[in-house]
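Since the structure comes first, as structure tokens, the remarks are kept for the end.
The values are calculated or read from the model by the stated rules, or taken from the named source; none is laboratory data. What you see is a predicted model; the values in this text were computed from it and never measured. Glycine gets a Cβ as well: all are built from the backbone with ideal geometry, and neighbour counts include every protein chain shown. Note: accessible area is taken over every heavy atom of the protein model, side chains too, but ligands, DNA and RNA are not part of it. Shrake-Rupley method; radii C 1.70, N 1.55, O 1.52, S 1.80 Å.
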Amino acid sequence: MFRVMFHEPRIPPNTGNAIRMVAGTGCELHLVGPLGFDLSEPKLKRAGLDYHDLATVTVHENLAAAWEAVTPARVFAFTAHATTSYADIAYQPGDVLLFGPEPTGLSEEVLADEHITERLRIPMLPGRRSLNLSNAAALVTYEAWRQNGFKGAV
């Protein structure tokens with residue numbers, strides 16, 4: 001399926017929500033450190049409900065370790081500074097959907113990484129900075145899954 005990657009996430013409930021989302025879609029969640037919280041954080045556990053055992057979650061010490069684990073794969077980095085819409089991509093199983101930390105998003109250094117296939121944006125009204133991290137990840141993941149026929153869904 002698809003690989004959702006959070007680079008240096010800071011807000012536990014967003015990661016908990018993403019755990020529920022990957023459990024429900026059959027995707028993988030890759031968390032790239034340093035994390036802004038401990039994985040035993042009660043807010044993370046509460047947001048993930050009882051889905052933790054149903055989700056594939058991998059924690060990587062840093063971005064280099066994450067690339068080693070997921071390469072070769074197409075990597076789509078999500079940023080408000082891109083011009084291409086997430087909806088204009090034909091997603092393929094194995095693609096990495098990379099999202100940055102709250103509230104700053106991906107740094108220019110990460111966006112310039114050679115592993116990034118393309119920068120994408122989620123359209124919004126003018127003057128808005130960003131969507132909630134877990135909402136953005138769910139929106140893109142479901143579009144990728146839809147394009148691939150909701151494989152495995154009931």
Given a cut-off of under 8 Å on Cα pairs at least six residues apart, what relative contact order in percent is computed for the chain?
-> 29 percent
In deg cm²/dmol and to the nearest 500, what is the mean residue ellipticity at 222 nm of the chain if only DSSP H runs of at least 4 residues count, each as -39500 (n - 2.57), divided by the residue total?
-> -9000 deg cm²/dmol
Ignoring ligands, DNA and RNA, what accessible area per residue does the chain give at 1.4 Å, in Å²?
-> 52 Å²
Note down the magnitude of the dipole of the chain about its Cα centre, charges +1 on Lys and Arg C-beta and -1 on Asp and Glu C-beta and zero elsewhere, to the nearest 20 debye.
-> 620 debye
Accessible-area composition of segment 103-154, carbon plus sulfur, in percent [1.4 Å probe] = 53 percent
Once amide H atoms are built 1.01 Å from N in the peptide plane, which residues 5 or more positions from H60, or in another chain, come under 5 Å H to H?
-> L31, V32, G33
Please give the length that would be gained between N62 and S85 if that part of the chain were fully extended, namely 0.36 nm times their separation in residues minus their C-alpha to C-alpha distance (nm, one decimal).
-> 5.5 nm
